[in-house]
Amino acid sequence: MSTRASAARYARALLDVVIKEGDPEQVEQELTALADLFAGNAELQKALTNPAVPVTAKRGVVETLVSRATPSPPLGKLMLMLADRNRLTLLPELAASYRERLMEHRQIVRADVTTAVPLPPDRVAQFQQRLAAATGRRVTLTTSVDASLIGGAVARVGSTVYDGSIATQLAKMRERLEEQR
């Protein structure tokens, strides 16, 4: 099984438990902090991922981390279980997968909007409202600028792309004209 699939399974189980027993948003913050600590400390990462280091030593390090960081009980238990199973390398992917599942649970979707010129805040709010109406979910929006679009916008919501750019419309017109030759 791939590490991504394993991380997704752990994330799903953690979210299921936390929804019943705790605060999912708090666990997201704690999990992200632990993943950042893991990623930002090369010595810690090397020690916890090295196959030559015994599992008992890794568990001892994780127990120390858990006692100092005092995460929510389900997250603390998961960290110890990952140490026991020598699966601490999953931590960054686990944090990302948990964040995605939490957004699904909260009915939030991420959208990226690219325009030819920077958008004023009121236009960003309009895009957010329209995408929320189209998806039936709350939308967190990030914007970017690409002058090659000429005008209009391209919105990406998950795997769905809404392309209303002038560049694409011109390309389609060109294709139709070439077909008519």
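Laboratory data are not the source of any read-out in this text; all were calculated from the coordinates shown. If you're wondering where the values come from, they're calculated on a predicted model, not measured in any experiment. Every residue, glycine among them, receives a Cβ derived from its backbone with ideal geometry; neighbour counts consider all protein chains shown.
Data table
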read-out	value
³J(HN,Hα), Karplus 6.51/-1.76/1.60, whole Hz, each residue of segment 123-132, x for Gly, Pro	6, 4, 4, 5, 4, 4, 5, 5, 5, 5
Theoretical gain in end-to-end length, T32 to A134 [0.36 nm per residue, Cα-Cα removed]	33.7 nm
Top of V53, V139, V113 by mean-square fluctuation, Gaussian network on the chain, Cα under 10 Å	V53
Principal-axis tilt of helix 3-21 within the chain, Cα atoms, nearest 10 degrees	80
Förster radius 25 Å - calculated FRET efficiency between D16 and V61, Cβ distance, rounded to 0.05	0.40
Net lengthening on full extension, M103/M173 (0.36 nm per residue, minus Cα-Cα)	21.3 nm
Virtual spin-label span in nm between I166 and K77, 7 Å along Cα→Cβ	5.9
The chain - mean residue ellipticity at 222 nm from DSSP helices (-39,500 (n - 2.57) per run, n ≥ 4, rounded to 500)	-21000 deg cm²/dmol
For G152, distant residues with modelled amide H under 5 Å away	A116, I166
Candidate lysines - alpha carbon under 25 Å from K77, same-chain residues fewer than 8 apart omitted	K20, K46, K58
Tilt relative to the chain, helix 91-105 - C-alpha long axis, 0 to 90 degrees, to 10	60
Rounded to 5, percent antiparallel among DSSP beta bridges of the chain	55
Largest to smallest principal axis extent of the C-alpha atoms in the chain, angstrom	72, 34, 28
Selected from A95, A83, A57 as most flexible by GNM, with the chain as the system and alpha-carbon contacts under 10 Å	A57
